[in-house]
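Enquirer: The structure's right below; bear with me while I get my questions together.
The values are calculated or read from the model by the stated rules, or taken from the named source; none is laboratory data. On a predicted model such as this, the values are computed, not experimentally measured, just so you know. All Cβ positions, glycine included, derive from the backbone under ideal geometry; neighbour counts span all protein chains shown.
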């Protein structure tokens, strides 16, 4: 944000109507925006997200919490939450390329749903890969979520329990209302 930045010089939208006021978002608009935030954060597509909502709606419990629970239990998200990769997209690629094992078996499906008691580790052949080179220094200052347990020496994590009581920056009720129409 230097003084030469275009947003500092002209803090409005470009074009002829950039200075005119933009109306407030409708209820549908805010619901759509929340849905898009969750989709982009977890890196899933619309069809899969709709499928997750359908499963959460049919399961017992609060629909919004169950939906986030299903998204948190995806293998690519768990690899990211354990701190083995810097982002969810890198975690997705790492899983897809076969660098991750679950309970000693190689899994290449990023949407694989982990269960309580599963052990997630880096494949022994992949530990020399450049992506995992500085991992031990990065993990030294990392704190994993309460539902995961990370062994920093072995570079493997364990799912202690299903995700619960997690902080999310989304309004999941907006998404439930969006799909309930």
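Enquirer: Any residue at all in the stretch 84-102 that is surrounded by fewer than 16 Cβ atoms within 10 Å (Cβ to Cβ), touching a strand residue (DSSP E or B) at 6+ places or on another chain (Cβ under 7 Å) and closer than 27 Å to residue 164 by Cβ?
Expert: no
Enquirer: Can you tell which of 164, 154, 133 is touching a helix residue (DSSP H, G or I) at 6+ places or on another chain (Cβ under 8 Å), surrounded by fewer than 18 Cβ atoms within 10 Å (Cβ to Cβ) and either over 18 Å from residue 48 (Cα atoms) or modelled with pLDDT under 95 (or both)?
Expert: 164
Enquirer: Quick one: would you say residue 140 is over 19 Å from the mean Cα position of the chain (by Cα) and not assigned by TED's automatic domain parsing to the domain that holds residue 44?
Expert: So residue 140 passes the test.
Enquirer: Taking the stretch 1-31, which residues are more than 31 Å from the chain's Cα centre (by Cα) and surrounded by 11 or more Cβ atoms within 10 Å (Cβ to Cβ)?
Expert: Across the stretch 1-31, the qualifying residues are 10, 12, 18.
Enquirer: Evaluate the stretch 32-42: report whether one residue or more is out of contact with any helix residue (DSSP H, G or I) (no Cβ under 7 Å at 6 or more places or on another chain), assigned by TED's automatic domain parsing to the domain that holds residue 117, surrounded by 11 or more Cβ atoms within 10 Å (Cβ to Cβ) and part of a helix (DSSP H, G or I).
Expert: The answer is no; no qualifying residue exists.
Enquirer: Would you tally the residues in the stretch 167-181 being closer than 18 Å to residue 78 by Cα and surrounded by 13 or more Cβ atoms within 10 Å (Cβ to Cβ)?
Expert: Residues meeting the conditions: 1.
Enquirer: Among the candidates 22, 92, 13, 55, which residue alone is assigned to a helix (DSSP H, G or I) and not assigned by TED's automatic domain parsing to the domain that holds residue 169?
Expert: 92
Enquirer: With the requirement that a residue be within 15 Å of residue 125 (Cα to Cα) and touching a helix residue (DSSP H, G or I) at 6+ places or on another chain (Cβ under 7 Å), what does the stretch 83-101 give you?
Expert: 94, 95, 99, 100
Enquirer: Do we have any residue at all in the stretch 121-128 that's in contact with a helix residue (DSSP H, G or I) (Cβ under 7 Å, 6 or more places away or on another chain), exposed (fewer than 13 other Cβ atoms within 10 Å of the Cβ) and either within 27 Å of residue 143 (Cβ to Cβ) or outside the structural domain of residue 146 (by TED's automatic domain parsing) (or both)?
Expert: no
Enquirer: Same structure again: Can you name the condition, by its number, that residue 121 falls short on among (1) under 18 Å from residue 76 (Cα atoms); (2) modelled with pLDDT of 90 or more; (3) outside any strand (DSSP E or B)?
Expert: Here residue 121 meets the rest and fails (3).
Enquirer: Looking at the stretch 155-168, I want the residues that are at positive phi and have a partner that is crowded, with 16+ Cβ neighbours inside 10 Å and part of a loop (DSSP other than H, G, I, E, B) with Cβ atoms under 8 Å, at least 6 apart or on another chain. Which pairs are those?
Expert: Short answer, once both residue conditions are applied: 155/84.
Enquirer: Residue 66: touching a helix residue (DSSP H, G or I) at 6+ places or on another chain (Cβ under 7 Å) and either surrounded by 20 or more Cβ atoms within 10 Å (Cβ to Cβ) or part of a helix (DSSP H, G or I) (or both), yes or no?
Expert: The answer is yes for residue 66.
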